[in-house]
Amino acid sequence: MEVKIQKIGKIINGYAFDSKLFNNADVGLPITRIRDITRGYSATYYSGEYPEEYIIDNGALLIGMDGEFNIEHWRGGKALLNQRVCRVIPDAKKVDETFLKYRLRILLKEIEADTPYVTVKHLSSEKFKKAKIFLPPLPEQKRIAAQLAQADR
């Protein structure tokens with residue numbers, strides 16, 4: 001069955017933190033930027049106040065919304081979710097998170113290939129939320145995810 005992304009989990013867009021409060025002196029919390037998604041950690045910190053709902057930790061599923069639309073699990077510990085990075089929190093009753101990561105990787109490349117740009121490609125949160133993926137039953141998702149994870153290893 002095909003389902004919209006917004007029906008199988010929660011999408012949280014990052015916050016527009018004041019870049020004047022960014023630092024490289026380990027003061028405050030690390031801040032996730034698009035370039036940090038694939039490497040899994042950040043060397044840039046934010047020393048200001050922040051809303052609690054933008055704190056992430058290891059395992060958070062993150063998507064870069066500009067340039068190449070990458071998706072990875074965060075590995076850099078407690079950090080802040082910056083603008084143009086979004087977090088996907090899958091509903092475990094509907095979708096296996098590992099399956100979703102593999103499936104979204106494909107979807108994001110399809111959207112990226114179909115996105116016009118002048119300098120940098122931008123992924124719209126609304127377009128992403130409304131995008132549809134084929135979603136087999138949960139036991140089948142788990143089986144597929146296990147095979148893909150084994151192939152990755």
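Which of the following residues is of a type outside the set (Lys, Arg) and out of contact with any Ser or Thr (no Cβ under 6 Å at 6 or more places or on another chain): PHE22, PHE17?
Result of the check over PHE22, PHE17: PHE17.
Kindly indicate the residue of region 53-73 that is of a type in the set (D, E, K, R) and at pLDDT 95 or above and also nearest to the chain's Cα centre (by Cα) among those meeting that condition.
Step by step, filter region 53-73, then rank; the result is GLU72.
For region 1-73, please list each of the strands (runs of 3 or more DSSP E) lying entirely inside it that holds at least 2 residues being touching a Phe, Trp or Tyr at 6+ places or on another chain (Cβ under 7 Å) and open to solvent by less than 60 Å² (accessible area, probe 1.4 Å).
29-32, 61-64
Listed residues GLU140, GLU112; which is of a type in the set (Asp, Glu) and closer than 29 Å to SER19 by Cβ?
GLU112
Could you list all residues from region 8-34 that are among the basic types (Lys, Arg) and more than 21 Å from ASN70 (Cα to Cα)?
LYS20
Of everything in region 64-96, what is in contact with a Cys (Cβ under 8 Å, 6 or more places away or on another chain) and farther than 17 Å from ALA16 by Cβ? Give them in sequence order.
Residues satisfying the conditions do not exist here.
Going through ILE56, ILE5, ILE31, ILE12 one at a time, which residue ends up being in contact with an Asp or Glu (Cβ under 9 Å, 6 or more places away or on another chain), of a type in the set (A, V, I, L, M, F, W, C) and at negative phi?
After applying the criteria, what remains is ILE12.
For GLU110, state whether it is open to solvent by 90 Å² or more (accessible area, probe 1.4 Å) and either at positive phi or among the acidic types (Asp, Glu) (or both).
For GLU110, the condition - open to solvent by 90 Å² or more (accessible area, probe 1.4 Å) and either at positive phi or among the acidic types (Asp, Glu) (or both) - is met.
The values are calculated or read from the model by the stated rules, or taken from the named source; none is laboratory data. None of the values given here were measured: they were computed from a predicted structure. Quick reminder, even Gly has a Cβ in these numbers, built from the backbone with ideal geometry, and neighbours come from all protein chains shown. In case anyone asks, the SASA skips ligands and DNA or RNA and just uses the protein heavy atoms, side chains included. Shrake-Rupley method; radii C 1.70, N 1.55, O 1.52, S 1.80 Å.
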